[in-house]
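Colleague: A single structure is presented below for examination.
Where a number appears in this text, it was derived from the coordinates with a stated rule and is not lab data. Small disclaimer: the values here were computed from a predicted structure and weren't measured. Quick reminder, even Gly has a Cβ in these numbers, built from the backbone with ideal geometry, and neighbours come from all protein chains shown.
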Amino acid sequence: MPQDESENRRREYARQIARLADVRDERIERAFAAVPRESFLPPSPWTVISMGVATRTSDISEIYSNVLVAIDLDRGINNGEPALHAAWMDAVGPQPGDTVIHVGAGTGYYTAILALLVQPDGRVEAFEYETDLAAQAARNLASYSNVTVHAASAFGRVLPNADIIYVNAGAIAPDVQWLRALNPGGRLIFPWQPHKGWGPALLVTRREKGFDARSLMTVGFISCSGPTEKISIAHLPTEADVAAVRSIWIRSDRAPDSRAVAVYDDVWFSSEEIDT
């Protein structure tokens, strides 16, 4: 395909995605237009998934839409929905010079977009537990000098300080090291799945007095590999509890109180508002 045609196709796709996600930051649209999605996918024919229906196609225009594309059907691993990621990126607001930790990088497509958003001086530390995917991501991202791919779980390890932690795998609770790694004003976004499966995407912001938490949307992600948190059955959150969450606390810093709506080994969720 001629380069001009390829670039035009990506620009139209990026406009569509930005419109669907109601993106405010124009840099996000430009980043989506700059990264060729097919470079991060298996060879065609691709399996495109829309509204739960999987279709095989060799038509490249079909992957330039707001669809999932299978990376490994047997393991349930997909290149996720572009509009969702555009909305998340708009919510966490990557800026030039930021350090981003990408948890569950897959084969690196959204890692590449994040890398463009933090140029020229920012970095992305990408973690992928599945060794074959991590190896593929490292190859795909070889030209991105500000990305380091780690073939490892981002659970249970001390992480570098970060402005953004961007988690693309469902978690029963956030790893306590994610919270500790956030710089002042840093943002964590992750799919909270207290009952497994679907749950809210939570945006967590490190404030001077604690960790503010807000639900953005309901999402479904494959579960993280390597989590160690276990929920107390006595505090299993109801749907109303999940909706009431306004802050997250580290248990070693503060014990759960009467406003706790979910209590885990190392962290707990609260209905308490954080003063900003």
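Colleague: Could you tell me how far the Cα centroid of the range 116-161 sits from the Cα centroid of the range 195-217, in Å?
Modeller: So the separation of the two Cα centres works out to 23 Å.
Colleague: Obtain the nm distance between the two label points defined at Ser271 and Thr238 by a simple spin-label model: each point lies 7 Å from its Cα along the Cα-to-C-beta direction.
Modeller: 1.0 nm
Colleague: Using the count of nearby Cβ atoms within 10 Å as a rough guide to exposure, how do Val158, Val69 rank from fewest to most?
Modeller: The order, fewest Cβ neighbours first, is Val158, Val69.
Colleague: Got a sec? How would Val53, Val23 order by Cβ neighbour count within 10 Å, fewest to most?
Modeller: Val53, Val23
Colleague: Estimate the FRET efficiency between Ile60 and Arg30 by the formula 1/(1 + (r/R0)^6), using the beta-carbon distance for r and 25 Å for R0, to the nearest 0.05.
Modeller: 0.75
Colleague: Rank-order 206-213, 147-154 by packing density, defined as the average count of other C-beta atoms within 10 Å over each peptide's residues, highest first.
Modeller: Final packing ranking: 147-154, 206-213.
Colleague: Moving on. Return the calculated 222 nm mean residue ellipticity for the chain, to the nearest 500 deg cm²/dmol, obtained by summing -39500 (n - 2.57) across DSSP H runs with n ≥ 4 and dividing by the residue count.
Modeller: Mean residue ellipticity at 222 nm (helix-derived): -7500 deg cm²/dmol.
Colleague: Can you pull the semi-axes for the range 97-142, root of five times each eigenvalue of the Cα gyration tensor, sorted largest first, whole Å?
Modeller: Ellipsoid semi-axes (Å, largest first): 19, 10, 7.
Colleague: Sort 99-110, 179-190 by the packing proxy (mean of other Cβ within 10 Å over each peptide's residues), most packed first.
Modeller: Packing order, densest peptide first, comes out as 99-110, 179-190.
Colleague: Could you tell me how many degrees, from 0 to 90 and to the nearest 10, lie between the Cα long axis of helix 131-140 and the main elongation axis, the longest principal axis, of the Cα atoms of the chain?
Modeller: Here the helix axis deviates by roughly 50 degrees.
Colleague: A further question on this structure: Can you tell me, using C-alpha contacts under 8 Å and at least 6 residues apart, the relative contact order of the range 83-270 as a whole percent?
Modeller: Here the relative contact order equals 16 percent.
Colleague: Another question about this same structure. Of all beta bridges DSSP finds with both residues in the chain, what is the antiparallel percent, to the nearest 5?
Modeller: Percent antiparallel among DSSP bridges in the chain is about 65.
Colleague: If you stretched the chain out fully between Asp4 and Asp132, how much longer would it get, using 0.36 nm times the residue separation minus the C-alpha to C-alpha distance?
Modeller: Stretched out fully, the Asp4 to Asp132 stretch lengthens by 42.8 nm.
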